[in-house]
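Just below is one structure, and these are the notes that go with it.
The values are calculated or read from the model by the stated rules, or taken from the named source; none is laboratory data. Everything numeric here is computed off the predicted structure, so don't read it as measured data. In this analysis, Cβ positions are derived from the backbone assuming ideal geometry, glycine residues included, and neighbour counts consider all displayed protein chains. Calculation scope for accessible area: heavy atoms of the full protein, side chains included, ligands and nucleic acids excluded. Shrake-Rupley method; radii C 1.70, N 1.55, O 1.52, S 1.80 Å.
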Amino acid sequence: RLAFYRRDLGADSTRIQSLFRRAQNGEVSVKRAVATRDGLLEVLRTGRVLAIALVDLRLLHARAARTSLLPRSYTGHYVLLVGAEGDRVRYRDPAADRAELVIDADDLHRARVAHGTDEDLILVAVDTSETAEALPPIRGV
């Protein structure tokens with residue numbers, strides 16, 4: 001499976017590391033952390049954060065029974081998490097026909113931590129007067 005990536009992995013790694021170095025020298029806070037289900041919910045509930053999440057599309061839509069048209073293996077897909085109330089997460093999917101969707105936090109967590117996602121998550125503070133340090137920490141770091 002990794003043979004597909006090996007050809008470009010070295011160049012991509014160098015490029016990404018360079019971008020992270022540039023970000024750290026600027027006004028972008030870059031931190032490596034593991035976001036737990038509850039930690040991510042806590043941050044989303046503040047209403048001051050958006051999160052770009054890499055998910056396995058098959059698991060994201062598993063309850064909606066829309067998986068029959070998808071490949072049987074990992075299908076990476078990015079969604080924008082826009083908020084949370086209780087154990088429900090509001091998100092936007094660029095491939096969906098509705099502007100906003102809702103998913104149970106457990107279902108989102110399964111799709112987000114599935115093999116292949118590397119649990120990729122980018123948090124963006126929507127209120128620029130607030131710093132990243134003012135946001136609640138992601139538990140499980």
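Being of a type in the set (S, T, N, Q) and either at pLDDT 95 or above or buried (at least 17 other Cβ atoms within 10 Å of the Cβ) (or both) is a description that does not apply to T36. Pull out all pairs, ordered by first then second residue, where Cβ-Cβ is under 7 Å, the residues are six or more apart or on different chains, the first lies in the stretch 72-83 and is over 17 Å from H115 (Cβ atoms), and the second is part of a loop (DSSP other than H, G, I, E, B) and open to solvent by less than 20 Å² (accessible area, probe 1.4 Å). If the second residue must be part of a loop (DSSP other than H, G, I, E, B) and open to solvent by less than 20 Å² (accessible area, probe 1.4 Å), the pairs left are V79/D93. Taking the stretch 108-135, which residues are farther than 18 Å from L80 by Cα, in a loop (DSSP other than H, G, I, E, B) and either among the acidic types (D, E) or at pLDDT below 55 (or both)? Correct list: T128, E130, T131, L135. A single entry from R63, R90, R98 fulfils the requirement of being of a type in the set (K, R) and modelled with pLDDT of 90 or more: R90.
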